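What follows is a set of notes on a single structure, which appears directly below.
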Amino acid sequence: MSQAKSVVNVFVTQLIAFVIFLVLIGIVNVLTYYIENEIFFQVVSFLNSNLILIILFSIIFMIGEMFSVLIFPLNTPYPIFNGTGAFLLVEFIFNVIEFLDKLVGINLGNIPFELLRTAISFLVLIIVVVVGYIEILNRFRNKKRFK
């Protein structure tokens, strides 16, 4: 029964955080009607254009965290969810870098940005999945040792 409470606890906590985020996005969208600042408007537009990506990696991380609190073998999907969420988070971070490049004019034109984006995204995915499975194996081995 404690496992079910943990999953429910993770779900409720993540859901509350998600709802707070959506409320804040709604508030800043309303503020664009009252604040006449081009940079503020561009930031809000950027967040709106990346909202689906943000929601997607948030939900995937939430599912991964819910699996992570379960016992072996029920926790085995969590590294895949965390890896996928990390992949999408890296994509979002690269979107932020591109946005800042356009906003501030850093001029990242000399960097092979798309190649770098793809390589880092997949590298992070692989690292998170491998580390997640190592963690699962260590937890399983430690539980067997102390029984």
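Computed from the coordinates by the stated procedures, all read-outs in this text should not be read as laboratory data. None of the values given here were measured: they were computed from a predicted structure. Cβ: placed from backbone, ideal geometry, glycine included. Neighbour counts: every protein chain shown.
Stretching V131 away from F21 to a fully extended chain increases their span by 36.7 nm, per 0.36 nm per residue minus the current alpha-carbon distance. Need one word for region 73-115: rounded, prolate or oblate. Basis is the Cα gyration tensor (sqrt eigenvalues a ≥ b ≥ c); a/c below 1.5 gives rounded, then a/b vs b/c decides. It comes out prolate by the Cα gyration axes. Once the Cα-Cα distance is subtracted from the 0.36 nm per residue extended length, the I35 to N107 segment shows a gain of 23.1 nm. For region 7-95, applying the loop criterion from DSSP together with a ceiling of 16 other beta carbons within 10 Å to the GluC sites (Glu not before Pro) yields E36. Helix 78-100 and the longest principal axis of the Cα set of the chain meet at an angle near 10°. When the convex hull of its Cα atoms is viewed from all sides, the chain shows a mean projected area of 10.9 nm². Distance between the pseudo-spin-label points of V43 and L123 (7 Å out from Cα toward the beta carbon): 3.0 nm.
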